[in-house]
Amino acid sequence: MNRPTKGSGPAWVGRAIRRLEDPALLAGGGRFTADLPAAHRVRFVRSPVAAGRIKAISRPDGAFIVTAAELAAVNPVVPALHKFGYVPVAQPVLACGFVRYVGEPIAAVVAPSEAEAEDIAEAMSVDIAEAAPVIDARAALADGAPLVHAQAARNLVVEGKIETPGFAAVQAAAHRRVTIELRSRRQNATPLEARAGHATFDLASGRVTLTCATQMPHLMRTAIADLIGMPEGELRVIAPDVGGGFGQKMSLVPEYVVLVWLARTLRSSVAWTEDRRENLVASFHSRDQYIRLNGAFTAEAKIVALSAEVIANVGAYSCYPTTCAVEPLMAMAELPGPYDLQAYACVARGVLTNTCPMAPYRGVSRPVITMALERLMDVTAVQFGLEPAEIRRRNLIEKFPYTSATGLVFDAGTYRQTLDMAVAALDLPAFRRRQQQARSQGCYLGIGFATFSERTGYGTPAFAARGMAVTPGWETVELTIDPSGCVEVRTGASPHGQGLRTTLAQLVADELGLAPDRIKVVHGDTDRAPYGWGTFASRSLVIAGGASVLAARKVHAKLVKIASHLLEAAADDIVLADGVARVAGTDRALPIEALARAAYHQVHLFKGEIDPGISETATYDPPGTFSNACHAGIVAVDVETGRVTVEKFVVAEDAGRLVNPLIVDGQILGGVAQGIGNALLEEIVYDDTGNVLTATLADFLPPTSREIPPIELLHLQTLNGMTITQAKGLGEGGAIGAPAAIINAVNDALAPFGVSINEIPATPRRIRAALRQARKKLV
Amino acid sequence: MSERSEITLKVNGQLHAIRVEPRRTLVDAIREECGQTGTHIGCEHGVCGACTVLVDGEPVRSCLMFAVQAQGKDIRTVEGLANGEELNPLQRAFMEHHALQCGFCTPGFLMLVTGVLEREPDISDEDLVDVLASNLCRCTGYQNIVKAVRAAAADMRRR
């Protein structure tokens, strides 16, 4: 690795060094869960119907089949939330008595190979007395709708309500009120590696090792041990290389509980690799929401009051650990967005239906609420005859810290600056001229903007405020140097593509005066890493990064102390750089390896003043911070076919210090691509009986390289001291802003037709339907 | 279910004598019978391209081909790209341009591109974007993959 010139600033932080993860992954040396051999393979038999009572399960002769009956001693999953009228609902790890969605696992078939397990599953039949399902959330709230769980009246599982004092008066006094209704259709995060688990029993220790594609290894250990009723120490969870997660691999997977139970019962190894159909139908879904907004504006188009109704379809069960309240409650807390607005009222409901359970997906509710609020801004701008950029300029928060109507504190950001950068990058006046010319030739171009905040890196209090029974937040890092001088950074964060091994190594490298390739980051193994929360919510670099720096500073202090003894110099004169401890201004120096060796083998030299070994631990539990960005895109809409082509996309963002600009850009580019898919292509479609009609990747359509335009990235770096590293999180922003910018651009393109498309994905079918409707009105 | 056939697969120049059912897909045989797990399975219905390998030089979805069909053919997988520890120019370009994140789709992209550039070293940038649309990546948003492949193609042309 090239050695940087050591200047006054950080040497490694801020550099686009190449990832330490890459060589193995590029050479076919990645180690994913499905790569492990196992004595037994598992196939899950799943419900073919959305609702009903299980009457009988046939068992082919000689087959080893596990159902709820065998798992009677295993507790159901019952996620808890202590607020907002949350009704706890229980999910048995295999359906017990009833089925509640198509794809719900009913039985596990165990056989020596996947093919044999599939043959047996194929030969089985499950006799189910079908019941009427309820698929749509608003239908589920209606009187007389079938109940998914008897204890949740009206299928209402959680209901958040807020109204700021004096709200009605502010709303009533406003110059203009604008109402819009929006719909976000159901999404699947679709990591390229579907879920997979492998459990093996160790006869000597009596322990089970579960290797699985998870974002939260430690919490999986706790949850699974609790459900099975085994000591947590008897379970080791490993997240090896994980092929993307995007939130879908954050929640507890009931199938993994079955695998651990099987490994213990069979005293052997068992594996399950989810196939794509299972993943699309029965893993976790998200973003299935209806939103109604009413914005109240002054005569100057300044928003003064916002009311919102949010209905989130959460599916048949509640996910662990966040609970299914995560979407509606995040919507309620963050809907006012980055706008200066103090009068706010919201009712946010989570509604149970006979569909696949909802779980977090990159951005959670924010791609949906950003789409909603940014549509409101654009619809209002049209009514006032303003440019979309202008209405945002008049409303964005400018003074920091800013306390929102829901009590969130926005730290210093660059909301207006990033908007201005995006406007300049797309040359708005030039675009408007081009748009006019194009229209005269029957070609419909549009421009769309989205300004938003991304709440990131928040600690325990933020989760506690939601009333969560499990409050992730802090992260602990254990930093050790062994006698050979090898540096290990052990963290409970659990990256799966984010390059955290590289960025944590960069942070620690600067603290210890070492090159990053000398630093090994260890994660994803509950036996080796300290208890922690994993990787989600744009938290890992902020929180595990902060803890790494704190631990490294302790190690730095110890190395200096050791060096001062060995070099017989004052501690203040010792400098750590380029892998050696040096007495400043002299040639007296010792390599880190020599200090490490002495720390273990020559402790007598320290005369009892220094403890043996080099191992320091630090924990970081930050208050949270807000990144911000403006996304802007130009689209062309073919009004004959309804096809949308994204011509260009710009992201102007501010996530504080960029530890590795290469990785930062990668996170944003990937997020934007998912957002474009979200806006135009991807949709899980249910029929009225609760069957999923989009069960292949030829039906559920993640974008390809053809659908993604050139994306220009512009960065600002506000260093406001809110985090130890000055870095803010940015893993979700790409996916948060893009759907709003794209849907606004589509509407701008179709402005001459007077249509308003407030539903994503804006598929060709929906665009054509809207145009036909508009033409009917004209006639 | 059915009789196993004895076949020999040649993977990265090495012969593997294996016994498989006729229904065994090539990707399963490569991964399990031949032990080469660098080739990944993403959808098993021929859309995502994660399992792309080269069969007699042509990119093939190995989830859509039976192992028995590959008998006697020259199969190349991601494990065959590097020269020992030394990554080849395409692999290096992926690293240089941050064209991978989780790395799950990467072997499929590398094999797709290897096959295409061997056949058509002067492929235009536009055609390249079309070819890359054969495979799915969920992490990178493709921009860096396109950059890396263009750089590798230019590099190979110079050699």
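Brief remarks on what is shown
- For A:GLU653, net neighbour charge (Lys/Arg +1, Asp/Glu -1) across residues whose Cβ lies under 12 Å away: -4
- Rounded to the nearest 500, the helix-only mean residue ellipticity at 222 nm of chain B stands at -9000 deg cm²/dmol, with each DSSP H run of n ≥ 4 adding -39,500 (n - 2.57).
- From least to most packed, judged by other beta carbons within 10 angstrom and beginning with the fewest, A:HIS631, A:HIS218, B:HIS98 follow the order A:HIS218, B:HIS98, A:HIS631.
- Per-residue average of Cβ from other chains inside 10 Å of A:497-509: 1
- Proxy reagent accessibility, fewest Cβ within 10 Å first, across A:ILE57, B:ILE7, A:ILE224: A:ILE57, B:ILE7, A:ILE224
- P(r) tail fraction, region A:350-464 - alpha-carbon pairs more than 22 Å apart, %: 50
- Helix-only [θ]222 nm of chain A, DSSP H runs n ≥ 4, -39500 (n - 2.57) each, per residue, nearest 500: -9000 deg cm²/dmol
- P(r) weight above 18 Å for region B:5-80, C-alpha pairs, percent: 26
- Check: the protein assembly as shown dipole with +1 on Lys, Arg Cβ and -1 on Asp, Glu Cβ, in debye: 1800
- Test item: A:265-278 mean partner chain Cβ contacts at 10 Å: 1
- Rounded, prolate or oblate (a/c below 1.5 giving rounded, otherwise prolate when a/b exceeds b/c) for region A:682-723 by Cα gyration tensor: oblate
- Convex hull of Cα atoms in region B:89-158, direction-averaged projection (nm²): 4.0
- Farthest toward positive dipole pole in the protein assembly as shown [+1 Lys/Arg, -1 Asp/Glu at C-beta], among A:THR179, A:VAL575, A:TYR256: A:THR179
- Neighbourhood net charge (13 Å Cβ-Cβ; Lys/Arg +1, Asp/Glu -1) for A:ALA308: 0
- Inter-centroid distance (Cα atoms) of region A:678-705 relative to region A:493-561, Å: 38
- Ordering A:PHE98, A:VAL310, A:GLY295 by Cα displacement along the dipole of the protein assembly as shown toward the positive end leaves A:GLY295 in first place; charges were set at the Cβ atoms of Lys, Arg (+1) and Asp, Glu (-1).
- According to the calculation over all Cα-Cα pairs in the protein assembly as shown, the P(r) per 20 Å bin from zero is 14, 45, 34, 7, 0 %.
- Fewest-first ordering of A:TYR344, A:TYR101 by other beta carbons within 10 Å of each residue's beta carbon gives A:TYR344, A:TYR101.
- The DSSP beta bridges internal to the protein assembly as shown are antiparallel in roughly 80% of cases.
- Peptide A:664-677 - average C-beta neighbours from other chains (10 Å radius): 4
- Only Lys, Arg (+1) and Asp, Glu (-1) charged, at Cβ; region B:89-158 dipole about Cα centre in debye: 280
- GNM on chain B, alpha-carbon springs under 10 angstrom: the most fluctuating residue among B:ASP28, B:ASP125, B:ASP74 is B:ASP125.
- Among residues other than A:GLU609 with Cβ under 13 Å from its Cβ, the summed charge is +2 (Lys and Arg +1, Asp and Glu -1).
- Packing order of peptides A:451-461, A:150-160, highest average first: A:451-461, A:150-160 (average count of other Cβ atoms within 10 Å over each peptide's residues).
- Charged-residue dipole, Cβ positions (Lys, Arg, Asp, Glu), region B:5-80 about Cα centre, Debye nearest 20: 40
- Comparing A:PRO661, A:ILE742, A:GLY363 along the charge dipole axis of chain A, the residue lying farthest to the positive side is A:ILE742, per the Cβ-charge model.
- In Å, descending, principal axis extents of the Cα set of region A:520-666: 84, 39, 26
- Take each peptide in A:327-337, A:350-360, A:655-665, count the other Cβ atoms within 10 Å of every residue, and average; sorted highest first, the result is A:350-360, A:327-337, A:655-665.
- If you take the Cα centroid of region A:80-152 and the Cα centroid of region A:235-252, the two points sit 23 Å apart.
Bear in mind these aren't lab numbers, they're just calculated from the coordinates by the rules spelled out. Worth saying up front: this structure is predicted, and the values here are computed from it rather than measured. When we count neighbours, we look across all protein chains shown, and the Cβ atoms used for this are built from the backbone with ideal geometry, even at glycine.
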